[in-house]
Amino acid sequence: MDQIIGNISLLFEFPVVNLKIVLDGIMIGALFALAAYGLALVWGVMNVKNLAQGDFVISGGYVAWWLDQNGFPALLGVPVAFLILWCIGWVIYKLVISRVIERDLFTSLLATFGLAIIMAQILNLMFGSDTQSVDLGYETIYFFDGFIDVPIAKLIGVLMAAALAAGVIIFMKSSRMGQAIRATAQDARAARVLGIDTEKVYAFTFSLNAAICGAAGAIIVMVWVIQPFYGITHSIRAFVIVTAAGLGNLPGVIAAGLGIGALEQYGAHIFGIGYQQAIAVLLLLIVLIIRLIQQRRKRQSLQ
Amino acid sequence: MNKKVAFYAALIAITILAPFLFPDFRTQLATVWLMIIVALTWDMTGGQMGYNSLGNIFFYGTGMYVAAVIAIALVYDVGEYTNAFGGGTYSFTDPEYFTGVILGIIGAGVFCALTAFIVGYITFGLRGPYFAIGTLGVAIAAGELVSNWDWVGGGQGIALPVYPGDLDIGKIFFYFLFAITGVALFVFLKWLYTTRFGAAVNAIRDDEEKAEAMGIHTLQYKLAMWSMAAFFVGIVGGISAFQLIHFEPLETAYQTINLGIFMVVCVLLGGKGTLWGPVIGAILFHVFKEVTWNYFLGWQWVALGALIVVTVVYFQDGVMGWLMYKKPEWFGIRVDKKDITAEADA
Amino acid sequence: MNTILEVQEVSKSFGGVSANKDISLTVERGGITGLIGPNGSGKTTLFNSVVGYHPIDSGSIKFEDQEISTLPVQKIARLGLLRTFQQTRIYSAMNCVENMLISLPHRKMNFRDAFTRNGNEEYERADRLLEFVGLYEKRLLLAGSLSFGQQKLLEFAMALMNEPAALLLDEPTAGINPTLINGLIDRLKRANVEFGITLFIIEHNMRVIMNMADTIYCLAHGEMLAKGSPDDIQNNQKVIDAYLGAH
């Protein structure tokens with residue numbers, strides 16, 4: 001307890017520490033927002049709540065890590081992970097997801113949970129259960145007399161994430177497939193009647209989501225750590241963001257992602273790094289409870 | 001009537017004799033009963049009431065810890081005991097051990113039942129997937145928080161005393177603890193599902209808004225059902241604590257991706273919303289698990305994950321569901337295929 | 001005359017759209033009251049407000065002289081005010097008899113009753129009511145396998161089983177084969193007379209509602225347009241205009 005109080009008072013004594021925590025949080029939060037965007041995409045288009053989201057991320061991370069281990073430039077990992085995860089996502093869609101779309105929501109949830117377990121275990125078998133990371137070896141910029149350190153690697157990570165996000169958004173707005181996706185998200189039956197091949201749209205969307213997660217994971221391994229069993233926490237984070245921001249709300253998703261990143265860093269600072277996973281999950285419960293209270297005022301339930 | 005009595009008598013006989021007929025499989029048999037119990041309890045809120053929880057394992061882990069803490073606290077200071085993990089200086093006399101076991105297990109059940117009331121009150125406003133993820137979150141959070149709590153041993157967990165006496169007798173002892181709980185649960189549910197309470201719970205599953213609109217006290221029923229389920233899960237958590245002797249918070253107690261999801265698969269395999277479904281499913285699942293462990297070593301988790309996906313996608317109604325579809329007469333269901341389009345007589 | 005349901009100056013809007021504006025009406029005990037109006041006039045919103053499906057923005061709703069606008073759906077149902085659904089909601093995985101048994105009034109049971117089985121008395125009552133609506137032969141079939149019209153009758157029977165004081169019916173004849181509507185009207189009237197249940201009915205079918213109701217209210221554009229006996233309403237120019245679309 002004393003430790004906690006000590007940590008909190010540090011925030012007041014040295015306000016600049018707040019800036020550090022927020023910056024750290026934002027830099028990692030941008031990546032959470034990416035994964036959350038993918039989750040919202042799949043959710044909105046196919047009404048599938050993908051609990052394997054985090055495992056796509058971690059898989060992408062391992063792609064980049066493996067490249068780095070074998071002498072390739074790690075940054076190449078981002079596009080390579082994008083492509084590999086795209087293919088994996090497509091296969092998973094055809095084998096599993098396509099059969100659970102029309103069913104009730106628990107089925108899709110449980111199926112993706114099963115997938116998450118399979119993926120986590122395969123990664124564990126392939127790469128072992130140590131946490132891994134890739135050190136790009138770039139320098140760090142220091143501000144405020146060394147209180148704040150911004151590793152250039154993290155900065156590059158955020159920029160890549162932003163570029164990827166921008167690319168996806170432009171694609172959704174201006175390409176025909178992007179329009180088809182948005183139409184299907186609004187009303188699948190109407191889209192079908194108007195000649196859109198919803199099956200293709202679904203496959204594309206799911207693969208795109210997997211690819212986005214893969215790229216995000218490739219970035220994460222360079223700025224943070226990955227481990228085969230961290231997947232479920234990433235999935236939960238994405239879920240928290242989408243629940244907090246609402247489905248169609250892109251700026252909300254970004255804000256919530258950054259917010260969660262910052263909140264987790266605050267939690268880690270105040271309570272200790274061992275609590276980081278717990279905080280991510282507690283944020284989920286808090287968001288759900290807040291939503292519940294809002295719904296109760298309207299006498300509805302949270303479906 | 002006679003066929004039924006003979007049937008159940010045979011089952012009871014098998015239950016009692018099994019550990020003696022198959023002495024090498026005592027622990028396995030105990031595990032089968034554990035699976036049966038967690039499957040039946042999951043089905044109480046899941047298949048019967050429509051609230052699919054992914055966090056029932058929360059009660060298992062909590063039951064473990066409560067039972068352990070009670071058993072230790074009867075004799076020693078808990079904090080000291082857990083600190084001296086593996087210290088070996090803490091011993092229990094036979095009466096202390098057994099008192100601890102009995103009180104611990106009962107305490108675990110009661111505590112979990114009460115906790116279910118509180119957790120349920122908060123989470124039952126959530127429906128469908130939100131309820132599933134919310135309960136999963138509760139279970140993960142509990143595991144993470146407990147692993148940071150030194151008083152109960154933090155990440156290392158707790159080490160309980162070994163069964164005093166012949167270890168083989170000990171295995172029989174734990175087998176019967178599980179089996180008795182299992183039989184009691186089965187008999188209880190067999191009765192419960194014939195009462196108005198059981199019908200109301202099914203109504204909540206079929207159409208909760210309709211049930212509310214007809215004036216049913218849905219929240220009371222939901223809380224009661226979950227508390228009763230939590231009671232039994234807490235009890236088996238407690239029994240497991242003493243059987244396993246040593247347990248850790250994330251891997252053993254709050255094992256969300258192992259037992260936590262196994263219980264769901266058991267029910268789906270066997271057929272949810274039925275009395276025998278979870279039982280059949282638990283047995284089938286256990287056999288599958290043992291086979292894959294022996295022959296797929298290294299890939300057993302992948303095989304299990306694949307079983308989950310295949311069951312969920314292709315075999316969702318389970319064994320009982322398949323039987324009810326093929327032979328509805330066995331279950332008293334009447335489906336009149338000719339009459340679907342005709343209107344009712346005026 | 002005795003008022004069982006009193007709606008005073010009730011308003012409800014969703015987002016920026018006003019669905020009900022200052023609606024006032026009374027439903028007399030033991031009678032049959034109708035609620036008509038063109039599509040989008042706010043009838044179902046008003047029903048939903050009365051049964052507690054959502055809170056109202058302003059106004060008061062009293063049932064048996066008790067304010068119910070702040071109560072949730074279950075509490076209002078337990079006071080004896082029930083509603084049927086436009087899309088007909090029944091428990092599809094149970095058979096008709098089970099649907100009936102689950103509809104026993106829970107306000108009349110205490111907690112211990114919940115753990116008993118239903119006895120002969122209850123089964124007989126279920127059978128009688130199923131006979132009343134003409135579903136006796138189908139009583140052991142799964143409710144989900146019944147036709148839409150049969151499900152409507154089942155829902156009605158379930159409502160009767162619950163012994164309500166008042167029943168709000170949302171378009172009871174919608175989707176029913178015209179040759180069977182007479183049978184339904186007949187049963188509604190009998191339920192009103194024999195069981196003493198007050199009926200408050202939303203209807204689009206003019207023939208039906210003019211035939212049944214003592215008093216009719218007409219809504220248009222979310223506001224109360226007219227009130228009167230069937231004759232008054234049929235000859236009311238404002239009502240005719242509202243339906244034909246002339247403003």
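The values are calculated or read from the model by the stated rules, or taken from the named source; none is laboratory data. A quick note: this is a predicted structure, and the numbers were derived from the prediction, not measured. Don't worry about glycine lacking a Cβ; one is built from the backbone with ideal geometry, like all the others, and counts go over all protein chains shown.
Worth pointing out:
- Test: residue in the stretch C:7-25 that is under 16 Å from C:PRO164 (Cα atoms), surrounded by 17 or more Cβ atoms within 10 Å (Cβ to Cβ), β-branched (Val, Ile, Thr) and modelled with pLDDT of 90 or more: no
- Residues being within 14 Å of chain A (Cβ to nearest Cβ), assigned to a loop (DSSP other than H, G, I, E, B) and of a type in the set (S, T, N, Q) are represented in the stretch B:132-150 by at least one member.
- Apart from one condition, A:TYR142 fits all of (1) away from chain B (no Cβ under 14 Å); (2) touching a Lys or Arg at 6+ places or on another chain (Cβ under 9 Å); the exception is (2).
- Residues that are touching a Pro at 6+ places or on another chain (Cβ under 9 Å) and under 19 Å from C:MET212 (Cα atoms), drawn from the stretch C:130-163: C:LYS152, C:PHE156
- Test: residue in the stretch B:87-103 that is among the aromatic types (Phe, Trp, Tyr), part of a loop (DSSP other than H, G, I, E, B) and more than 9 Å from every other protein chain (Cβ to nearest Cβ): yes
- Search result, residues across the stretch A:111-127 that are touching a residue at least 60 places away in the same chain (Cβ under 8 Å) and either in a loop (DSSP other than H, G, I, E, B) or hydrophobic (A, V, I, L, M, F, W, C) (or both): A:PHE113, A:LEU115, A:ALA116, A:MET119, A:ALA120, A:LEU123, A:MET126, A:PHE127
- Taking helices (runs of 4 or more DSSP H) as the structural unit, those lying wholly within the stretch C:130-247 and holding at least 3 residues that are buried (at least 17 other Cβ atoms within 10 Å of the Cβ) correspond to C:148-161, C:178-194, C:206-212.
- Members of the stretch A:151-178 that are more than 22 Å from A:GLY77 (Cα to Cα), out of contact with any Gly (no Cβ under 9 Å at 6 or more places or on another chain) and surrounded by 14 or more Cβ atoms within 10 Å (Cβ to Cβ): A:MET177, A:GLY178
- Tallying residues that are in a strand (DSSP E or B), touching a strand residue (DSSP E or B) at 6+ places or on another chain (Cβ under 6 Å) and more than 21 Å from C:GLY15 (Cα to Cα) within the stretch C:29-66 yields 8.
- In summary, helices (runs of 4 or more DSSP H) completely within the stretch B:177-288 and bearing 1 or more residues that are touching an Asp or Glu at 6+ places or on another chain (Cβ under 7 Å) occur at B:196-206, B:218-244, B:259-270.
- Helices (runs of 4 or more DSSP H) contained entirely in the stretch A:204-303, each with at least 3 residues that are within 14 Å of chain B (Cβ to nearest Cβ) and without any contact (Cβ under 8 Å) to a residue 24 or more places away in the chain: A:276-297
- Scanning the stretch B:162-207 for residues that are in contact with a helix residue (DSSP H, G or I) (Cβ under 6 Å, 6 or more places away or on another chain), in contact (Cβ under 8 Å) with a residue 12 or more places away in the chain and not aliphatic (A, V, I, L, M) gives B:TYR163, B:PRO164, B:LYS171, B:PHE174, B:TYR175, B:PHE178, B:THR181, B:GLY182, B:PHE197, B:GLY198.
- Scanning the stretch C:166-196 for residues that are among the aliphatic types (A, V, I, L, M) and away from every other protein chain (no Cβ under 11 Å) gives C:ALA166, C:LEU167, C:LEU169, C:ALA174, C:LEU188, C:ALA191, C:VAL193.
- In the stretch C:104-129, residue modelled with the lowest pLDDT [restricted to those that are facing chain B (nearest Cβ under 7 Å), under 23 Å from the mean Cα position of the chain (by Cα) and in a helix (DSSP H, G or I)]: C:ARG107
- Filter pass, A:TYR230 being surrounded by fewer than 19 Cβ atoms within 10 Å (Cβ to Cβ) and of a type in the set (Phe, Trp, Tyr): no
- In a residue-by-residue description of the stretch B:187-200, the property of being more than 10 Å from every other protein chain (Cβ to nearest Cβ) and either over 30 Å from C:HIS106 (Cβ atoms) or at pLDDT below 90 (or both) applies to no position.
To keep it simple, each residue is scored yes or no on (1) buried (at least 21 other Cβ atoms within 10 Å of the Cβ); (2) modelled with pLDDT under 90; (3) not hydrophobic (A, V, I, L, M, F, W, C).
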| residue | (1), (2), (3) |
| --- | --- |
| B:SER91 | no, yes, yes |
| B:GLU96 | no, yes, yes |
| B:ILE102 | no, no, no |
| B:PHE124 | no, yes, no |
| B:TYR130 | yes, yes, yes |
| B:GLY134 | yes, no, yes |
| B:ASP150 | no, yes, yes |
